[in-house]
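Peer 1: If you scroll down you'll find the structure; I have some questions about it.
The values are calculated or read from the model by the stated rules, or taken from the named source; none is laboratory data. This structure is a prediction, so every number in the text was calculated from the model and none was measured. A quick note on method: Cβ atoms are made from the backbone with ideal geometry, for glycine too, and the neighbour counts reach across all protein chains shown.
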């Protein structure tokens, strides 16, 4: 069995810090367009490796770009279950992408995690990706899953139980919004959210992007 990476320095302090509130499944039992911007600035860890969420996209079941739009399939079944679980899928047959299921069971809505700022387990992430540039380690949905070791094995796992940990952002942050990336349907919807000024985004937001 492969040895799990050592916990990065500072993770134990984060867990003990009373100000670092853990996010539970109840956090995700809300409208996906409310959850998505609230995730910006939160810390996302898998086996102690990860960082600060700086970019996400929301997908609602009424949205033709959502995997759930045409109904349940073996691939997207997790989206139709209760909120607060992980939905992992393969993109273009190459990269894994990780999503957080939101809204009551049956809604089939989720938030795609597009980019994080690496803060814990950086050396492990560099090893997994074969890169040294910290700014490009997790600057895209496929990049961050490779760096964090996320695969289909994580599909259906709870977001408030090991090996996954989520901590609420410690303070308010400035969130910008824009249109989603790499889709061909519902391209006009401003359902991409990011941390203003972050150097770790998958793609910069247009100058005309709105603050949330």
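Peer 1: Could you grab me the full set of residues in the range 180-210 that are in contact with a strand residue (DSSP E or B) (Cβ under 6 Å, 6 or more places away or on another chain) and either under 19 Å from residue 65 (Cα atoms) or at pLDDT 95 or above (or both)?
Peer 2: 180, 190, 191, 192, 193, 194, 195, 196, 198, 200, 201, 202
Per-residue answers, yes or no, for (1) within 15 Å of the chain's Cα centre (by Cα); (2) under 28 Å from residue 30 (Cβ atoms); (3) free of Cβ contacts under 8 Å to residues at least 12 places away in the same chain:
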residue: 108; (1), (2), (3): no, yes, no
residue: 112; (1), (2), (3): yes, yes, no
residue: 134; (1), (2), (3): no, no, no
residue: 140; (1), (2), (3): yes, yes, no
residue: 158; (1), (2), (3): yes, yes, no
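Peer 1: State whether one or more residues within the range 51-62 are in a loop (DSSP other than H, G, I, E, B), more than 18 Å from residue 112 (Cβ to Cβ) and in contact with a helix residue (DSSP H, G or I) (Cβ under 8 Å, 6 or more places away or on another chain).
Peer 2: no
Peer 1: Does residue 100 satisfy the condition of being in contact (Cβ under 8 Å) with a residue 40 or more places away in the chain, under 16 Å from the mean Cα position of the chain (by Cα) and within 19 Å of residue 32 (Cα to Cα)?
Peer 2: Numbers: in contact (Cβ under 8 Å) with a residue 40 or more places away in the chain: yes; under 16 Å from the mean Cα position of the chain (by Cα): yes; within 19 Å of residue 32 (Cα to Cα): yes.
Judged against the criteria, residue 100 is a match.
Peer 1: Could you please let me know if residue 68 is part of a loop (DSSP other than H, G, I, E, B), buried (at least 19 other Cβ atoms within 10 Å of the Cβ) and in contact with a helix residue (DSSP H, G or I) (Cβ under 6 Å, 6 or more places away or on another chain)? Walk me through it before giving the result.
Peer 2: On the way: part of a loop (DSSP other than H, G, I, E, B): yes; buried (at least 19 other Cβ atoms within 10 Å of the Cβ): yes; in contact with a helix residue (DSSP H, G or I) (Cβ under 6 Å, 6 or more places away or on another chain): yes.
For residue 68, the condition - part of a loop (DSSP other than H, G, I, E, B), buried (at least 19 other Cβ atoms within 10 Å of the Cβ) and in contact with a helix residue (DSSP H, G or I) (Cβ under 6 Å, 6 or more places away or on another chain) - is met.
Peer 1: Please verify whether residue 145 is modelled with pLDDT of 95 or more and within 12 Å of the chain's Cα centre (by Cα), treating the condition exactly as stated.
Peer 2: In short, yes.
Peer 1: Sticking with this structure for a sec: What is the one condition in (1) modelled with pLDDT of 95 or more; (2) over 23 Å from residue 84 (Cα atoms) that residue 157 does not satisfy?
Peer 2: Status for residue 157: all satisfied but (2).
Peer 1: Please find, among 87, 59, the residue that is at pLDDT below 95, under 24 Å from residue 184 (Cα atoms) and buried (at least 19 other Cβ atoms within 10 Å of the Cβ).
Peer 2: The unique qualifying residue is 59.
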